[in-house]
Amino acid sequence: MTQIKPQVQYREDYQPPHYWIDTLDLDIQLHENATEVVAISRVRRNGEHDEPLVLDGEQLNLLQVAVNGVDITQYQQTENSLILSQLPEVFVLTIKTQLDPQANTALEGLYKSGSAFCTQCEAQGFRRITYYLDRPDVLARFSTRITADATAYPYLLSNGNRIDQGNLDDGRHWVQWQDPFPKPAYLFALVAGNFDVLRDSYTTVSGREVALEIFVDQGNLHRAGHAMDSLKASMAWDEQRCHLEYDLDIYMIVAVDFFNMGAMENKGLNVFNAKFVLADPHTATDSDYLDVERVIGHEYFHNWTGNRVTCRDWFQLSLKEGLTVFRDQEFSSDLGSRTVNRIQNVRMMRGAQFAEDAGPMAHPIRPDAVIEMNNFYTVTVYEKGSEVIRMLHTLLGEQAFQRGLALYLQRFDGQAATCDDFVAAMSEASGRDLTRFTRWYSQAGTPVLTVTDEYDAVQQRYTLTVQQFTPTTPGQPQKLPLHIPLSVALYSAQGEPLTLTMDGQIVGPVLDVLEAEQRFVLDQVPSKPTPALLQSFSAPVKLDYPYSDEQLTLLAKHSIDEFVRWDAVQMLINKAVRDNVSQLQRQQPVVVPRPLLDVFRATLEDETLDKALQAQMLMLPDIGSLLELFEQVDIDLLGQVHAQLHKELAVALQPLWLHAYEHNRTPQYSIAHPDIAKRAIKNVALSYLALANEAGLVQQQYQTADNMTDTLAAMKAAVRAELTEAGALLADFEGKWQQDGLVLDNWFRLQATAPGDDTVARIQQLMTHPTFSLNNPNRVRAVVGAFIMGNPLQFHRLDGAGYDLLVSVLTQLNLSNPQVASRLITPLIQFARLDDARQQQIKARLQQLMALPDLSRDLFEKISKALA
Ligand code: TRP
Ligand code: ZN
């Protein structure tokens, strides 16, 4: 909190530290309200200078400072630092501080999650534990001694290996940990509590035995098996695909209930939001299972991409996050459906990332200026960052990419690196010039690729003209051309793929778009083809090509690239939405265009189609993503079109939905991928059947389901279709699960995203539910997050009730948990696509928030940009 205007930090201003810290010995006496930390570090001056040592520290009570064992008092203290001058070249620094974990609702640094102590140090939480050089380019060897009450905290955990332990007379005990790998402070972790432990082991390729331990709340052991399987699968995948082996003798994962994000890759001791660990058929859905696998993989893969090689400064965050997201996406794709993974990633890009690029917080994957680092754990840094890595993979191919990754890791092992270092290694290992490619790191915004074509029947020549244009973003008025891999295929009128030939040579599918405008002449093309453009979403761009309905229908049926089949349907849907919004503006009824209806029918009738892909092809995008199709639009009109299209498709194809429903039942629950696919298509069918008033089926599924996927799908179908049965199902569900916050989150989410004019009142009601607490981020996301992100029609009510609700929540969270508050403000700052009336309403609310007496840096950064 601060009254003065928060400071901006610039990437350009990076300076190496004035001092290094080689070792840090922590001695932590845990107490709920007054934990004492003694930090002894060996400090070494970096070069010849007489600059002071400026240590970061926040909300600490300083008790003692000593240099080489001698107490000193001539230090300077500011609100967030401790400054020591006239220091020897090498010395031992002892600092004793006191802090209050129980009062820590921000969940950064050391805090209580339920009855356990735990830490979260990324990005800058370690400075809430002791005064330190809290920056990722200072790497030290840590040892940690933890002392706590033995009964309440039988397990005392930290990074590395447990080297000693003992009991004390006063009922307390201690454990000594040592981490052999030098690390930045953000990778430090400590956990103390009473848990059930799932133990297993893994033998690495080189034959080393690694102990695996998963710590969960007591009584939850039976829900930890899938996390363990996922961990072992991650270890095997990294060995096979990337030749990377684990490096410690122990790997621990702790599941906690109070956590700001998904999980954290602390060296040897991951801390997880319990939501990404616990899973069993009765409590977790198929997508929960897949999320556990993905997040366990993500944190495990960080051990190399993030921990062994870390970031020089926080502007380089995408160096570890973009790369690690790419790795977890490949892991999920190798284990499951590559196409469905690709589709889901693209939905995220087009829904959330393109919106971020179009809003006031638009930033390159490597930002240039930051007020609060926590604000830059974004879809741009993570998901677009991964797309940038994927483009490198597409340009270089698997082998050269793996050579580049190996070179990068070997060259920077044990060090802090930059994005430029990474690209240089990729370029060296492949021999490719990536100079222009590096612009993806510095330029924000979503490029638009405008493609036109021309067929010369006499010469049998087909010419694609590609123009690229990136709209301006705040602070970047001028944009330069990027290196864009454009993956292309051509199809004959019969849907046969054509060989790509240029200057008489067969060429691969990927065209290198480098210039603002570029032509590609393909020869030996026997007839006017249909182009499949941007196959597999080969670049994070918007594509503009004047496809006819016939061409889209052809691609939806015949494309060999399955992503293109899905994307062709998306384009037909987008056309239908645009046309119907204009229709509605002219008071004309909504109609499903014939080509769209035909493609849906053909998709439902295609027995050869992969069920998982079939399900994806038949789902309409949500209203939030459809907003991006317009410059500005009345969201109520969009909602009406969306609802009508659903309804019309439900009724027009009712027998086919019923057929799909009946033929994709799974006799017994298993999380095997073919079964996940069947449940997906069956439950898409059920959602349409509910809209066609097949209430009996919905009821029946709810009552007979033997797994959470089917239970929730039935309840969701009922709620979304506003069936009279919905209330009874919701009440039944609450009765069964009221003791289990994670399961009840589904119930919260469903009601928060329900249609109906009473939603705002219901949200207020839900916030008084006994399991709800503003201090638990999972509950806040399930109720408030789901409402503001997943219920745009009610959130953007013209009477402003949705906005008022959010303002009141933000006002409270601004003080207690600024990081969560800052994530929730997203839909209030991304107002560009909304009509003027709503924009006015939103701006008034932003002004109101801006005037809060203790506005956090997190909210300040976003609101000031939105109002600029
Ligand atoms: N490095 C974590 C990840 O990507 C991100 C993370 C977890 C985080 N908790 C956080 C970032 C708290 C900022 C604050 O897996
Ligand atoms: Zn990560």
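How large is the translational diffusion coefficient of segment 1-50 in µm² per second when you combine the Kirkwood radius over alpha carbon pairs with Stokes-Einstein at 4 °C and 1.567 mPa s?
Translational D for this selection: 87 µm²/s.
Assuming 0.36 nm per residue, please report the length gained on full extension of the stretch residue 496 to residue 450 beyond their Cα-Cα distance.
Result for the pair: 14.1 nm of gain on full extension.
Can you work out the FRET efficiency for the pair residue 836 and residue 545, with r the C-beta to C-beta distance and R0 = 25 Å, to the nearest 0.05?
Using R0 = 25 Å, I get an efficiency of 0.20.
For residue 446, what charge total do you get from the other residues with a beta carbon under 13 Å from its beta carbon, if Lys and Arg give +1 and Asp and Glu give -1?
-2
Calculate how large, on average over all directions, the projected area of the Cα convex hull of the chain is; give the answer in nm² to one decimal.
36.8 nm²
Roughly how tilted is helix 225-242, in degrees to the nearest 10 and between 0 and 90, from the longest Cα axis of the chain?
So the helix axis and the longest Cα principal axis differ by about 80 degrees.
Would you calculate the separation in nanometres between label points at residue 578 and residue 14, each defined as 7 Å from the Cα along the Cα-to-beta-carbon direction?
About 4.1 nm, to one decimal.
Mind checking the full-extension length gain between residue 5 and residue 852? Use 0.36 nm per residue of separation minus the Cα-Cα distance, one decimal, nm.
Residue separation times 0.36 nm, minus the Cα-Cα distance, leaves 303.6 nm.
What distance in nm separates the two pseudo spin-label positions at residue 647 and residue 436, each 7 Å out from Cα along the beta-carbon direction?
That separation, rounded to one decimal, is 5.1 nm.
If you average 1/r across every pair of different Cα atoms in segment 352-434 and take the reciprocal, what Kirkwood value do you get, in Å?
Radius from the Kirkwood sum: 14.1 Å.
How much mean residue ellipticity at 222 nm does the chain get from its helices, if each DSSP H run of length 4 or more adds -39500 (n - 2.57) and you divide by all residues, to the nearest 500 deg cm²/dmol?
The per-residue figure over the chain is -12000 deg cm²/dmol.
Suppose the Debye formula is applied to equal point scatterers at every Cα of segment 689-815; what is log10 I(q)/I(0) at q = 0.10, 0.15, 0.19 Å⁻¹?
With no solvent term, the Cα-only Debye profile gives -0.32, -0.70, -1.05.
P(r) of segment 467-519 in 10 Å steps, Cα pairs, percent per bin?
With 10 Å bins starting at 0, P(r) equals 20, 36, 26, 13, 5.
Which number comes out as Rg/Rh for segment 110-210 once both Rg and the Kirkwood Rh are worked out on C-alpha atoms?
The Rg/Rh ratio comes out at 1.00.
Quickly rank 168-179, 502-513 as a protection proxy: mean count of other C-beta atoms within 10 Å, highest first.
Ranking, from highest mean packing down: 168-179, 502-513.
Largest first, please: the extent of the C-alpha atoms of segment 142-259 along each principal axis, to the nearest Å.
51, 34, 27
What angle do you read, to the nearest 10 degrees and between 0 and 90, between the alpha-carbon axis of helix 726-737 and the longest principal axis of the chain?
30 degrees
Under a crude label model (7 Å from the Cα following the beta-carbon direction), how far is residue 769 from residue 208 in nanometres?
Between residue 769 and residue 208, the label points sit 4.5 nm apart.
If packing is taken as the mean number of other Cβ atoms within 10 Å per residue, what is the order of 365-373, 478-486, highest first?
In decreasing order of mean packing, 365-373, 478-486 become 365-373, 478-486.
Taking the chain as the reference, fit the longest principal axis to its C-alpha atoms, fit the long axis of helix 286-301 to the helix C-alpha atoms, and give the angle between the two in degrees, 0 to 90, nearest 10.
50 degrees
Greater than 18 Å separation of Cα atoms is the criterion. Which listed pairs, 275/320; 5/862; 611/682; 557/611, meet it?
Cα-Cα > 18 Å for 275/320; rest within.
For the modelled label position 7 Å from the Cα of residue 161 along Cα-to-Cβ, which residues of segment 243-280 have backbone nitrogen atoms closer than 11 Å?
Flagged as within label range: 248-250.
What's the extension gain from residue 23 to residue 524 if we count 0.36 nm per residue and subtract their Cα-Cα distance?
So the extension gain works out to 173.7 nm.
When each pair of different Cα atoms in segment 334-374 is counted once in the 1/r mean, what is the Kirkwood radius in angstroms, to one decimal?
12.3 Å
Computed from the coordinates by the stated procedures, all read-outs in this text should not be read as laboratory data. Quick caveat, the model's predicted, so the values are computed rather than measured. Cβ coordinates were reconstructed from backbone atoms using ideal geometry, including for glycine residues, and neighbour counts include every protein chain displayed.
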